[in-house]
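Trainee: Right, I'll just put the structure down here and ask away after.
The values are calculated or read from the model by the stated rules, or taken from the named source; none is laboratory data. Since the model is a prediction, treat every value here as computed from it, not as a measurement. Glycine also receives a Cβ, built like all others from the backbone with ideal geometry; neighbour counts cover every protein chain displayed.
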Amino acid sequence: MLDFNTIEKFDKIATPFYFYNMDLFYKTVDHVAELAERYDINVHYAIKANVERRLLEYISSKGFGADCVSGNEVLHAHSCGFPAEKIVYAGVGKSDREIYDAMKLGIEAFNCESLQEIYVINEMAHINGMKANISVRINPDIDAHTHKYVTTGLYENKFGISNHEFDKLIEFIQKSEHINFIGLHFHIGSQITRVGEVFALECLRVNEIVRYFENQGLLVNNINLGGGLGVDYEDPDENPIADFTTWFKTISENITRRPGQKIHVEPGRSIVAQCASLISRVLFVKSGETKNFLIMDAGMNDLIRPALYGAYHKIENLSASMRQFFPTFQAYDIVGPVCESSDVWGAGRLLPLSVRGDLMEIRSTGAYGQVMASRYNMKDLAPSVFSDRLDEAPVAKDYFENR
Ligand code: LLP
């Protein structure tokens with residue numbers, strides 16, 4: 001919930017913009033750092049969720065590593081303070097250029113997703129007189145019980161290497177001189193809310209697979225369980241910090257860890273989702289034949305999650321909360337300006353009576369928001385505005401923003 005003082009300041013800022021609640025961000029990261037130490041779990045922040053430099057610099061300063069999925073992410077993470085030896089690099093399609101750059105940097109590990117990728121890395125390391133650290137991403141065939149677009153650990157998904165190739169894989173690793181096998185990597189999906197159940201299942205399956213590899217003579221020193229911890233999109237005020245405690249506890253109670261073995265996790269969404277909101281204005285209130293539309297200045301170009309996954313984000317009318325204590329409510333279809341019928345923020349949402357110029361807050365947009373934004377319809381990209389630097393925000397120029 002934003003205080004009136006902040007909302008008043010928003011009036012001077014050009015919309016749309018991403019508003020970062022830095023207090024909540026620091027609190028979240030500090031909480032995770034404390035739990036990581038308590039449970040002896042290494043955290044690699046999945047930078048794909050949000051690549052804002054300020055956030056990354058703080059996360060790296062806490063000693064976390066980075067999980068990257070492209071050459072540019074690797075370079076960006078490194079430039080934001082993550083040491084090369086704490087950067088892991090996953091992704092099913094790494095180009096030769098990306099592999100070479102990361103190898104030269106000396107990253108902690110390539111999380112390899114196919115046999116062919118391992119052959120290529122081995123050969124490139126050979127040609128360049130290097131030795132590359134690799135971890136192998138396994139497809140454990142586990143249902144994460146989440147949206148099908150963010151489920152990654154089933155055989156039907158393109159990620160990881162599955163059972164039928166294990167023996168070939170082990171044989172190749174054992175005879176290859178230019179790769180250094182450091183462990184196994186898993187990631188079964190995102191926005192997992194059945195935390196205790198799903199992650200316990202993941203651990204049990206991981207235990208079996210690790211045992212199989214070690215029985216074949218390959219030491220698995222690092223077990224990386226991936227990310228996936230869900231956040232509360234319905235009620236961000238009730239649960240501003242994701243349930244890291246249950247996640248870490250479930251892992252430590254269910255994973256078999258021999259001495260010297262390290263456990264890694266890769267949270268993305270859970271670290272940043274609740275720390276930002278997309279702030280937008282109502283451009284027009286339009287009464288359609290059967291419903292009322294609130295037409296906003298932020299669209300699917302700024303945040304594609306509702307259009308792409310049918311994702312729910314809580315929406316609040318900030319200006320109305322300043323106007324009236326007991327407002328009259330009305331149902332609206334809240335939509336963006338983009339020329340697509342899927343550019344809908346929420347259908348039939350009950351909101352206080354809203355008028356042109358009202359400031360709206362789209363909650364829980366710190367993860368997979370700005371990073372997935374596009375310039376579709378040649379729209380400008382929404383900038384970042386920080387709670388502790390409100391005075392540096394871009395000033396509003398539009399007519400109604402300067403009333
Ligand atoms: N590790 C790997 C290998 C991943 O692929 C991902 C996310 C993560 C870690 C971090 O997962 P998280 O803790 O954020 O759940 N755009 C979608 C989410 C895609 C997630 C992709 N992989 C969304 O907006 O819901």
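Trainee: For the structure I just gave you, tell me whether Asp388 is surrounded by 13 or more Cβ atoms within 10 Å (Cβ to Cβ), modelled with pLDDT of 95 or more and out of contact with any Pro (no Cβ under 7 Å at 6 or more places or on another chain).
Mentor: In short, no.
Trainee: Name the residue that is surrounded by the most Cβ atoms within 10 Å (Cβ to Cβ), counting only residues in the range 87-122 that are farther than 27 Å from Asn157 by Cα and of a type in the set (D, E, K, R).
Mentor: Asp101
Trainee: So is Gln261 in contact with a strand residue (DSSP E or B) (Cβ under 8 Å, 6 or more places away or on another chain), surrounded by fewer than 20 Cβ atoms within 10 Å (Cβ to Cβ) and within 25 Å of Ile170 (Cβ to Cβ) or not? Step through it out loud before you land on a result.
Mentor: Working: in contact with a strand residue (DSSP E or B) (Cβ under 8 Å, 6 or more places away or on another chain): yes; surrounded by fewer than 20 Cβ atoms within 10 Å (Cβ to Cβ): yes; within 25 Å of Ile170 (Cβ to Cβ): yes.
Criteria met by Gln261.
Trainee: Could you identify the single residue in Leu219, Leu225 that is of a type in the set (A, V, I, L, M, F, W, C), within 14 Å of the ligand (Cβ to nearest atom) and closer than 23 Å to Asn163 by Cβ? Quick ask: steps written out before the conclusion?
Mentor: Working: Leu219 fails: within 14 Å of the ligand (Cβ to nearest atom).
When all the criteria are applied, what remains is Leu225.
Trainee: If you don't mind, there's one more thing I want to ask. Take the residues in the range 184-215 that are among the hydroxyl-bearing types (Ser, Thr, Tyr) and assigned to a loop (DSSP other than H, G, I, E, B), then tell me which one is surrounded by the most Cβ atoms within 10 Å (Cβ to Cβ).
Mentor: The qualifying residue surrounded by the most Cβ atoms within 10 Å (Cβ to Cβ) is Ser190.
Trainee: Ser321 - would you say it is closer than 24 Å to Asp388 by Cα, in contact (Cβ under 8 Å) with a residue 60 or more places away in the chain, of a type in the set (S, T, N, Q) and within 16 Å of the ligand (Cβ to nearest atom)?
Mentor: Working: closer than 24 Å to Asp388 by Cα: yes; in contact (Cβ under 8 Å) with a residue 60 or more places away in the chain: yes; of a type in the set (S, T, N, Q): yes; within 16 Å of the ligand (Cβ to nearest atom): no.
No; evaluated as a whole, the condition is false for this residue.
Trainee: Cβ-Cβ below 8 Å, separation at least six or inter-chain, first residue in the range 208-227 and over 27 Å from Tyr45 (Cβ atoms) and in the same structural domain as Ile173 (by TED's automatic domain parsing), second aliphatic (A, V, I, L, M) and away from the ligand (no atom under 14 Å from the Cβ): which pairs?
Mentor: From the range 208-227, the pairs are Glu214/Val220; Gln216/Ile170; Gly217/Ile170; Leu218/Ile170; Leu218/Ile173.
Trainee: Let me ask something else about it. Can you tell me how many residues in the range 347-390 are on the phi > 0 side of the Ramachandran plot and assigned to a strand (DSSP E or B)?
Mentor: Residues that pass the stated criteria total 1.
Trainee: Taking Leu218, is it assigned to a strand (DSSP E or B), over 24 Å from Glu34 (Cβ atoms) and not polar (S, T, N, Q)?
Mentor: Answer is no for this residue.
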